[in-house]
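Since the structure comes first, as structure tokens, the remarks are kept for the end.
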Amino acid sequence: MFVDGVRTPFGRAGEKGQYWNTRADDLVVKAMIGLLERNPQVPKDRIDDVAIAATTQQGDQGLTLGRTAALLAGLPKSVPGFAIDRMCAGAMTSVTTLGSGIAFGAYDLVIAGGVEHMGRHPMGFGADPNPRFLSEKMVAEDALNMGMTAERIHDRFPALTKERSDRFAMRSQHKLAAAYDAGKIQPDLVPVAIRSESGWGLATQDEGMRPQTTMEGLATLKTPFRPHGRVTAGNSSPLTDGATASLLASTDAVKELGLTPKMRMVSFAFAGVEPEIMGLGPVPSTEKALRKAGLSIDDIGLFELNEAFAIQVLSFLDHFGIDDDDPRVNQWGGAIAIGHPLAASGVRLMIQLARQFEEHPEVRYGITAMCVGLGQGGTVIWENPNYDKRAARKG
């Protein structure tokens, strides 16, 4: 059971970003403290394990993050922890790994999340890829250039035009702005104290929002990955810093402690594709998860799809015959507007889906899905505990 989830506001990566002077581990510790404070009926010594993901596990994102963050967040020394790396799907893998442990009977209460400080730790920084990848032509030389992988999806599917990508990106910005105006996002944000040249402050909202985005403005942006290309800063997720944390529990623990679960995990799946077109990964992972759950895409009433690039989401929607502006998809905007701090993003998707489940008792099943660097996709299918058959019939 997904009991609760919180996150820090997401900040722009780099020297001008709000978290430039904030440690990565402090970000995830702040999220964990906020999560525990929201759930005071959960005894800290009952947490069975902590899994925290990061893509670039070095410096203040290294040293077995799950364990160090648990200690820093004030959990008893008896609580173990570990770190996970599945690049963009790190936090998603934290949840599915510990959730599987709950299903197996090894855990009752766990914390799963992720953090990425892309300002301090750019993706792949310090990595030493095996030379065989290139010498034996296992992958293209630019397979780790995520923008190039997005351009290749445009190449493969000419119907997925730049105009469609730009329009999807513009709607993402507008939907997030509307969600903020309606107070949908703020309840699950944990404010973070920040320090800059002007002094101390408080991060209370996502820093990368551009609510004034227009199609005309997007059309003027450069295509940095290829001359006359189609992928721009406007239809891609920005480099981002941030952290997420979630509380998962067994059915027995939910009953014993009087918890109110927000979602039930039905199935999950990860799948591999060619690294050069990693953005297609959520297609086979979703087909696999649906098959394992005995469901079809028509059973899914809400989608939270990570917007690493607009083209990646469009390729998913086209494959499953879903309109670009289908109201079931990313109702409150996505990573193009919010940001994508790699290993943290999976739980951000879950947080938004859980909130939407509360508002939509007519929806029984929802999906969180994302593409993953090096050619993978990840999908989790969730059931809405608020589902009401009568509401579904009226819908």
- request: Return only the number of the condition from (1) modelled with pLDDT of 95 or more; (2) open to solvent by 10 Å² or more (accessible area, probe 1.4 Å); (3) within 27 Å of Pro122 (Cβ to Cβ); (4) not in a helix (DSSP H, G or I) that Asp25 does not satisfy.
  value: (4)
- prompt: Can you tell which of Val313, Val273, Val283 is among the β-branched types (Val, Ile, Thr), open to solvent by 30 Å² or more (accessible area, probe 1.4 Å) and closer than 26 Å to Pro238 by Cα?
  reply: Val273
message: So for the range 370-389 (the condition being assigned to a helix (DSSP H, G or I) and either more than 15 Å from the chain's Cα centre (by Cα) or at negative phi (or both)), does at least one residue qualify?
response: yes
statement: Of the listed residues (Val79, Val95), the one being open to solvent by less than 20 Å² (accessible area, probe 1.4 Å) and farther than 20 Å from Ile351 by Cα is Val79
task: Scan the range 348-395 for residues that are open to solvent by 10 Å² or more (accessible area, probe 1.4 Å), touching a residue at least 40 places away in the same chain (Cβ under 8 Å) and among the aromatic types (Phe, Trp, Tyr) and report the count.
output: 1
- request: Looking only at the range 113-126, decide whether some residue is farther than 25 Å from Trp20 by Cα and either at pLDDT 95 or above or in a loop (DSSP other than H, G, I, E, B) (or both).
  value: no
- request: Would you mind stating whether Leu71 is open to solvent by 60 Å² or more (accessible area, probe 1.4 Å), aliphatic (A, V, I, L, M) and part of a loop (DSSP other than H, G, I, E, B)?
  value: no
message: If I ask for residues that are open to solvent by 30 Å² or more (accessible area, probe 1.4 Å) and farther than 18 Å from Ser100 by Cα, which ones from the range 258-270 would you list?
response: Gly258, Thr260
- line: Those residues of the range 241-257 which are of a type in the set (S, T, N, Q) and either modelled with pLDDT under 95 or in contact with a helix residue (DSSP H, G or I) (Cβ under 8 Å, 6 or more places away or on another chain) (or both) amount to Thr244, Ser246, Ser250
- request: Give Gly229, Gly208 a once-over and let me know the one that is at pLDDT below 95 and more than 30 Å from Pro43 (Cα to Cα).
  value: Gly208
- request: Kindly check whether there is at least one residue in the range 111-119 that is closer than 23 Å to Gly11 by Cα and open to solvent by 10 Å² or more (accessible area, probe 1.4 Å).
  value: yes
- line: A careful count of residues in the range 334-369 that are within 18 Å of Ala54 (Cβ to Cβ) and assigned to a loop (DSSP other than H, G, I, E, B) gives 3
query: How many of the residues making up the range 233-262 are touching a residue at least 60 places away in the same chain (Cβ under 8 Å) and more than 16 Å from the chain's Cα centre (by Cα)?
result: 15
message: What are the pairs with Cβ atoms under 7 angstrom where one residue, in the range 278-307, is modelled with pLDDT of 95 or more and the other, located anywhere, is part of a helix (DSSP H, G or I) and open to solvent by 20 Å² or more (accessible area, probe 1.4 Å)? Sequence gap at least six, or different chains.
response: Val283/His319; Leu290/Ile297
task: Look through the range 194-210, keep the residues that are in contact (Cβ under 8 Å) with a residue 40 or more places away in the chain and under 21 Å from Leu35 (Cα atoms), and return whichever of them is most open to solvent (accessible area, probe 1.4 Å).
output: Gln205
- request: Search the range 27-38 for residues being in contact (Cβ under 8 Å) with a residue 24 or more places away in the chain and not hydrophobic (A, V, I, L, M, F, W, C), and hand back the single one that is nearest to Thr8 (Cα to Cα).
  value: Lys30
query: Of the residues in the range 55-68, how many are closer than 29 Å to Pro43 by Cβ, open to solvent by 20 Å² or more (accessible area, probe 1.4 Å) and of a type outside the set (D, E, K, R)?
result: 3
message: Looking at the range 42-51, can you tell me whether even one residue there is over 20 Å from Gly99 (Cα atoms), over 21 Å from the mean Cα position of the chain (by Cα) and free of Cβ contacts under 8 Å to residues at least 60 places away in the same chain?
response: no
query: Counting residues that are in contact with a strand residue (DSSP E or B) (Cβ under 9 Å, 6 or more places away or on another chain) and closer than 15 Å to Phe168 by Cβ, which strands (runs of 3 or more DSSP E) fully inside the range 230-333 reach at least 1?
result: 300-305
query: Which condition breaks for Phe225 when tested against (1) without any contact (Cβ under 8 Å) to a residue 60 or more places away in the chain; (2) in a loop (DSSP other than H, G, I, E, B); (3) more than 21 Å from Gly333 (Cα to Cα)?
result: (1)
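The values are calculated or read from the model by the stated rules, or taken from the named source; none is laboratory data. Just so we're clear, the structure is a prediction, and the values are computed from it rather than from any experiment. Cβ atoms come from the backbone with ideal geometry, glycine included; neighbour counts cover every protein chain shown. To get the accessible areas, we keep the full protein, side chains included, count just its heavy atoms, and leave off ligands, DNA and RNA. Shrake-Rupley method; radii C 1.70, N 1.55, O 1.52, S 1.80 Å.
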